[in-house]
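The block underneath contains the structure these notes are about, expressed in structure tokens.
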Amino acid sequence: MDARLNLMENPVAAKSMKHLIAAGRAVRDSTLPNATRELVQLRASQINGCGFCVDMHTKDAAHAGETQQRLNLVATWREATVFTEAERAALELAEQATRIADAAGGVPDEVWASAAKHYDEDQLAALVLTIALINLANRLNVTVQQPAGSYQPGMFE
């Protein structure tokens, strides 16, 4: 199976993708914990049905030392006891922001307040940007039908 459009080879798409990858690096350089970033990206990708990104963020998280148990439980984080309160707040924010069209008022104040209890302003900025960037990546990959399974950790660095 091939993608409808190669986002890394098409001149217009490739130029834009370089900027998106650079934005991702800036977030990666923040003080937001890497585990939180990967869990949030994985959860948003699951919600959006992006196989390529689920593959990528599962592999990147495992490569960085995340446990298989936690990766297996991301989709059911509310019932799982393996996530910290801070991670749970980040996952809730990711879900609310990813499903923003489903909520008439956007992200509820109590969801934001919960995240703000655990993360400083720079980390919140990194968290919001992570959520926005992964949703963009999901939409790109789902639209072009990017096949999943071939990603290797560090492939886009």
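Quick check: net charge around Asn141, other residues with Cβ under 12 Å of its Cβ, Lys/Arg +1 and Asp/Glu -1?
Net charge in that neighbourhood comes out at +1.
Angle, helix 121-144 long axis vs. longest principal axis of the chain, Cα atoms, 0 to 90°, nearest 10?
40
Find, among the trypsin sites (Lys or Arg not before Pro) in the stretch 88-157, those assigned to loop by DSSP (not H, G, I, E, B) with at most 11 other beta-carbon atoms within 10 angstrom.
Loop-located and lightly packed - none at all.
With +1 on the Cβ of every Lys and Arg and -1 on the Cβ of every Asp and Glu, and nothing else charged, how large is the dipole of the stretch 11-144 about its Cα centre, in debye rounded to the nearest 20?
Taking the Cα centre of the stretch 11-144 as origin, the dipole is about 560 debye.
What is the stretch 11-144's relative contact order, in percent, from Cα pairs under 8 angstrom and six or more apart in sequence? It would help to have the intermediate numbers written out before the result.
Values: 122 pairs, mean separation 48.8, N = 134.
Here the relative contact order equals 36 percent.
Angle between the Cα long axis of helix 109-118 and the longest principal axis of the chain, 0 to 90 degrees, nearest 10?
That works out to roughly 90 degrees.
Taking +1 at the Cβ of each Lys and Arg and -1 at the Cβ of each Asp and Glu, which of Thr143, Gly105, Met1 sits farthest along the dipole of the chain towards its positive end, judged by Cα position relative to the Cα centre?
Positive-end residue among those listed: Met1.
If one takes the longest principal axis of the Cα atoms in the chain, at what angle in degrees, from 0 to 90 and to the nearest 10, does the Cα axis of helix 11-28 lie?
It is inclined by approximately 30 degrees.
Between Met155 and Gln68, what FRET efficiency follows from the Cβ-Cβ distance if R0 is 22 Å, with the result rounded to 0.05?
Details: r = 21 Å, r/R0 = 0.95.
Using R0 = 22 Å, I get an efficiency of 0.60.
Mark the label point 7 Å from the Cα of Thr31 along Cα→Cβ and return the residues of the stretch 93-131 whose backbone N is within less than 20 Å of it.
The answer is 113-131.
Between Ile47 and Ser16, what length comes free when the chain is fully extended (0.36 nm per residue of separation minus the Cα-Cα distance, one decimal in nm)?
Stretched out fully, the Ile47 to Ser16 stretch lengthens by 8.7 nm.
Coordinate-derived values only; no laboratory data. Note that the structure is predicted; figures quoted are calculated from it, not measured. As a convention, Cβ positions derive from the backbone with ideal geometry for all residues, glycine included, and neighbour counts pool all protein chains shown.
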